[in-house]
Structure formats: C-alpha cells, structure tokens
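Colleague: Please read through the structure below; I'll follow up with questions.
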Amino acid sequence: MKKKRTVFLLGAGAALDWHNAPSTCVLTKALINSGPKNSKGEYITKYIFDYFKDKYTEELNFEGLIDIVEQCLQFWSTKDSSCTIANSLIRPDDEFWKNTIDNKYFNPERDFGGDRQQTEESKFFAKLLIDILYAIADKISDYSFYTYNENKIIDREENTEITRLITEYIRILAKDNVLRVYSLNYDRVMQAVFQKAGVKVFQGFIPDHIVPKEGNQSQYPDTKRILTSFDEHCIYHLHGNIYWEPDNINPNGLAGYSFRNAYFPPILSNTGYQHFNTEKNKPLFLSNIITGYSKVQRTNLSPFKQMASAFDIDCHTADEIIIVGYSFGDDHINDALRQGKKANPSVKITVITPAKDGKDKRDWQRKVLFEILSHVERITNFVFEDHINSAHSRQYKTAICFQTWRQYIDTYLQDRQSHP
C-alpha cells in the first residue's frame, strides 16, 4: 500500500509549546534592549528600530530590524542608489548615521572576508549584524540546545508532556505517511522528536547522523538527494539553522561559500562577511540563518535553494499539507502553497493556529483565503463552516484549527483512541 505524502510547514508558533521558546515579540525586545550604545547613551538597535518603526508598512519586529541593518551594510558597501534604505537615507551625511555608527565597536584589524577596501561604516554594520545574529542563536539555544551529550528539548522536565504527545504523534503518522517536514525555525526540535520516536529522517546533510558526532563536523549538504529523494522522511530548514556553519571557502579550500551542519552552534566571525553576489551590486553577508524581509537573495544559495525546490514539489504532490504556527508573512512561502493548491486541488490543507476571539478567527480565515485559495475560487463565493474550535471548507478540503499544536495533537491522539 502506497504511503500518503504528508507535508508539514512549521512556523514560529510551532515551537512555543517548548519551554523557554521565545515569541517574535520576545526576540524583538531582547534585540533592541542590548548591544552597543550611541553617543547619547541609547542602544543603537533601539535607535534604529524607533527611527524606522513608523516608516514600515507593517508592524516592525526583529526581522525588520535585521533587514534595515543589512541594507545599511549594503549602502556603505556599494553606495548603491537602488538600495531600499537609500529612499530615506540617500545622503552619507544624514544625521541618522551620526547617531548610529560607533567605530570603537569593532576591531579594525579583524579581517572582513579579505576585502581591505571595505569602509569603516560597512565594517561597523557587519559587526552589528554578527552580534544580532549571535543574540538570536543564543535565544534559540536556550530552549533547543541539542548534541549527543546534552538535549534541552527532550530532557527538560517542563517538556515531558509535549515530548510524550508529539513523539507518539510522529510515530503513528510515520507508519502510513511519508513525512516531509519544512521548518522556518532555526532549532533542532523536530530532529530531537524524530530521534525520540525512533523514526529515521534525512535533514539534507551527510553522513546521516541526526546530529553530528562530536569531533566529526564534516556534514555537508547532499543537494542531489534533496532534489531527487521524495520517498523518505525529511526535515528541511528553509531559512537555515543556528547549527549550520557558513564558510568563506568551499570544501576544496577555494574562494566561494559552503555550509556544514556542526556539532555546536558556530560563533559567527567577521570573516563570515564577503562580497558574494547573487544579484549585481548586492554584496551578501554570509550567515547560517535567513531572516529579515529580504530573504529571496539568500534562498538562491545551496542548500537553501534545493530545499525550497523540494518544498515546491511537495506542495504540488502532497496528499495533505499541515501548516503549524505560521502567520503567512513570507511571500515566497505563500506562493509555493498557493501554486501547489492550484495545481493539486485534491490536497487537504490544515492550518493550526490559536485564536484570541471571533475577530481573530475571521482574520485567519481571510489570511487563508487570500494567501492559499485565491487562485482556486473567487473570494466572494467562498464560505467557511464555523465550528467551536475550527473553520472548514469541505468543498476545497481546507480547515483552520484554532488550537496550539499541543492541543491539536492531544485531540488527534484522543480521537484515535476513541476510534481506533
């Protein structure tokens, strides 16, 4: 009997059931209330955040802050007038720079990718970006540190119940489904779950250890397997992982780039910055996670590109797509879901998200309509059937469950016991 193909898309909300997992709001507050200060004694990240928070079309969070810092780095690296930041800060003598840049913050003797022509300003923003990314990695490690010697995900007493529920859930599903897990989070939570459940899974790197063995950190991407092997369980991180280690050179020691899955979360250094261009005049800061609002450029790098291609194929061929804790904030992800549903109308889609009240539920219905189903039916003709904790469209095989993932899994397991 052929197994069903079940695709999971995990957003930030999928991690919140784990002890100490930070929300977007918590991460944002942590980043704007730490780090270097300007001459006025203000945190530089908070000054940048406050300067731009009313200039963005949507509510600014840590991703927007990183996007701004990256654009500042790009501005001083290329003086590119097409840079979005230049719409507001076209003049190098703008007052904003005076209140932001402190050249004492970095050591000018440190190497920035071998390019001695980099400006002092670009080096400042490179260092600031490094420290922001490191702060994010620290927050992620706090709830999800996982090596062969330590496992905060499974071993913490506070995680006992969610561990029991989700491992049983994965163990049951793996019997009759090929589980294709795509995470937008930067942790190893699902790796720990599959390991606990005793389910073998490929995460895009070889050799096939769930986490690298200590002292053997040469786990490099197997891009051919990512693009061609669709009948095995997988966990792919579409926006990277804090354990992925970027390098300025390829495995043969030549100029280029490479990523490997490391034992510990790597500490990014100034040498992680280089003039690697996927688009003309847009130097790329090489990092192990893709965040900010300008993500498409980095998704053209391997293994991000191959994992995104696999996600696109899976959306077009899945029997079911389960979307957990994702707020539909990434246009490139939404488009893959939308095009997949259009080409694969029989696919069942389940969206799992908690809701505060009736208005919140209606807002989620509109999100699903516009971001997934707008190619399928005119919005005016679309009707959801409302239930206490869910909304269904039986005609288009789409449901929204207004629960946390833990609640959803608990309900699933109880129903299975009642109706084996």
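The values are calculated or read from the model by the stated rules, or taken from the named source; none is laboratory data. These numbers come from a predicted model, not from an experiment. All Cβ positions, glycine included, derive from the backbone under ideal geometry; neighbour counts span all protein chains shown. Note: accessible area is taken over every heavy atom of the protein model, side chains too, but ligands, DNA and RNA are not part of it. Shrake-Rupley method; radii C 1.70, N 1.55, O 1.52, S 1.80 Å.
Colleague: Looking at 38, 33 in this structure, which one is surrounded by fewer than 16 Cβ atoms within 10 Å (Cβ to Cβ) and either polar (S, T, N, Q) or touching a Cys at 6+ places or on another chain (Cβ under 7 Å) (or both)?
Modeller: Values: 38 fails: surrounded by fewer than 16 Cβ atoms within 10 Å (Cβ to Cβ).
On inspection, the qualifying residue turns out to be 33.
Colleague: Right, something else. Could you check the range 138-151 and list, in sequence order, the residues that are of a type outside the set (Ser, Thr, Tyr) and surrounded by 21 or more Cβ atoms within 10 Å (Cβ to Cβ)?
Modeller: At the first step, the residues of the range 138-151 found to be of a type outside the set (Ser, Thr, Tyr) are 138-140, 142, 145, 149-151.
Answer for the range 138-151, where residues must be of a type outside the set (Ser, Thr, Tyr) and surrounded by 21 or more Cβ atoms within 10 Å (Cβ to Cβ): just 140.
Colleague: Right, next: Please list, ordered by first then second residue, the pairs with beta carbon atoms under 8 Å, 6 or more apart or interchain, first in the range 365-387 and over 16 Å from residue 342 (Cα atoms), second open to solvent by less than 60 Å² (accessible area, probe 1.4 Å) and in a helix (DSSP H, G or I).
Modeller: Listed pairs, sorted by first residue: 384/365; 386/361.
Colleague: One residue is enough: does the range 101-118 have a residue meeting the conditions outside any helix (DSSP H, G or I), modelled with pLDDT of 95 or more and not charged (D, E, K, R)?
Modeller: Scanning the range 101-118 turns up no residue that is outside any helix (DSSP H, G or I), modelled with pLDDT of 95 or more and not charged (D, E, K, R).
Colleague: Follow-up. Looking at the range 336-349, which of the residues that are of a type outside the set (A, V, I, L, M) and over 26 Å from residue 189 (Cα atoms) is most open to solvent (accessible area, probe 1.4 Å)? Spell out the reasoning first.
Modeller: Within the range 336-349, the first condition is being of a type outside the set (A, V, I, L, M), and the residues that meet it are 338-342, 344-346, 348.
Going one step further and asking which of them are over 26 Å from residue 189 (Cα atoms), we end up with 338-342, 344-346.
On the way: 338: 34, 339: 58, 340: 0, 341: 3, 342: 114, 344: 19, 345: 82, 346: 70 Å².
Applying the filter and picking the extreme gives 342.
Colleague: Right, something else. For the range 1-25, how many residues are open to solvent by 70 Å² or more (accessible area, probe 1.4 Å) and of a type in the set (S, T, N, Q)? Don't jump to the end; show me each part of the working.
Modeller: Filtering the range 1-25 down to residues open to solvent by 70 Å² or more (accessible area, probe 1.4 Å) leaves 1-4, 16, 20, 25.
Still in the running and of a type in the set (S, T, N, Q): 20.
Count: 1.
Colleague: Among (1) touching a Pro at 6+ places or on another chain (Cβ under 9 Å); (2) free of Cβ contacts under 8 Å to residues at least 12 places away in the same chain; (3) hydroxyl-bearing (Ser, Thr, Tyr), where does residue 23 come up short?
Modeller: The single condition residue 23 does not satisfy is (1).
Colleague: Conditions: (1) among the β-branched types (Val, Ile, Thr); (2) within 27 Å of the chain's Cα centre (by Cα); (3) surrounded by fewer than 17 Cβ atoms within 10 Å (Cβ to Cβ). Residue 400 meets all but one. Number of the miss?
Modeller: Result: residue 400 fails condition (3) only.
Colleague: Scan 7, 26, 69 and give me the residue that is of a type in the set (A, V, I, L, M, F, W, C) and out of contact with any helix residue (DSSP H, G or I) (no Cβ under 7 Å at 6 or more places or on another chain).
Modeller: On the way: 7 fails: out of contact with any helix residue (DSSP H, G or I) (no Cβ under 7 Å at 6 or more places or on another chain); 69 fails: out of contact with any helix residue (DSSP H, G or I) (no Cβ under 7 Å at 6 or more places or on another chain).
None of the other options fit; the residue is 26.
Colleague: Additional query: What's the number of the only condition in (1) open to solvent by 90 Å² or more (accessible area, probe 1.4 Å); (2) within 18 Å of residue 325 (Cα to Cα); (3) over 23 Å from the mean Cα position of the chain (by Cα) that residue 394 fails to meet?
Modeller: (2)
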